[in-house]
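Below is one structure, written out as structure tokens; comments come after it.
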Amino acid sequence: MFDYTQNDSTIKADTNNFKEEEHKRDKDGKFTKGSGEDNKQKDKEETNNEDSSEEKQKEEKEIKEKIEQLEKIDWTKDNTLPNFPKSFLKKQGLEDKPILLKKNIIERNKQQHPDITEEQAIRILGNSLYRTEAILKGKSKRPDYYNLITRIDNNYNDLVTVELSNKKDNYEIVHFFIIRNTTRKKYEDDDKELKNKS
């Protein structure tokens with residue numbers, strides 16, 4: 001209970017919780033307008049960064065799991081691969097549906113690129129489908145063909161050509177291989193030209 005009979009005019013502040021640096025003062029020592037608001041904004045940004053970090057971790061886990069599933073590809077028959085990551089679908093405005101790798105595409109790819117091993121093929125598919133850096137329009141004759149490209153080092157890129165058609169039940173892989181940076185530049189130039197025409 002507070003004793004009113006005592007003539008003690010001192011004010012006792014809770015100095016343990018008060019942080020002077022969080023409360024800016026003007027040159028006269030008065031608190032400035034909005035002091036403490038900066039910290040509220042920082043707290044909000046930190047919370048958003050934590051949410052963003054959690055989302056990125058979730059997305060990275062999803063991508064990793066999809067790439068791991070590529071180890072199960074049977075190179076002697078048609079394969080249904082994991083769907084594109086949710087973030088990719090959202091960004092591109094695409095429907096969520098499986099990706100099909102047909103047996104005839106596997107065989108044609110082996111004929112056209114006999115130097116690509118199954119391990120390399122898995123890497124190419126994993127990088128291009130699930131860690132896509134660039135999406136470039138394919139041929140003008142095939143408006144639904146897109147080249148999904150990911151750089152693997154200073155000179156080379158993994159590329160998968162995919163038919164991204166909303167008219168089919170699946171997205172279909174058309175071709176997959178490795179390209180040099182000079183070829184990537186040509187694809188980028190072709191993409192700009194096709195986009196300018198449409």
Problem set entry | Computed over segment 60-198, Kirkwood Rh from alpha-carbon pairs, angstrom | 15.3
For this session: Obtain the nm distance between the two label points defined at Lys30 and Glu107 by a simple spin-label model: each point lies 7 Å from its Cα along the Cα-to-C-beta direction.
Result: 8.7
Problem set entry | Estimated FRET transfer efficiency (Glu60, Lys90; beta-carbon r; R0 22 Å; 0.05) | 0.85
Seminar exercise, completed: FRET efficiency for Asp169 and Arg142 from the Cβ-Cβ distance with R0 = 25 Å, rounded to 0.05, comes out at 0.85
Exercise. Working out 0.36 nm times the residue gap between Ile152 and Gln69, then minus their Cα-Cα distance, what length gain in nm do you get to one decimal?
Worked result: 27.9 nm
Exercise. Computed over the Cα atoms of segment 100-156, what is the convex hull's projected area averaged over all directions, in nm²?
Worked result: 4.8
Seminar exercise, completed: Of every hundred units of 1.4 Å-probe accessible area on segment 71-123, the number belonging to carbon and sulfur atoms, as a percent, is 47
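The values are calculated or read from the model by the stated rules, or taken from the named source; none is laboratory data. Computed from a predicted structure; not experimentally measured. With ideal geometry, Cβ positions are generated from the backbone for all residues, glycine too; neighbour counts draw on all protein chains shown. Heavy atoms of the whole protein, side chains included, go into the accessibility calculation; ligands, DNA and RNA do not. Shrake-Rupley method; radii C 1.70, N 1.55, O 1.52, S 1.80 Å.
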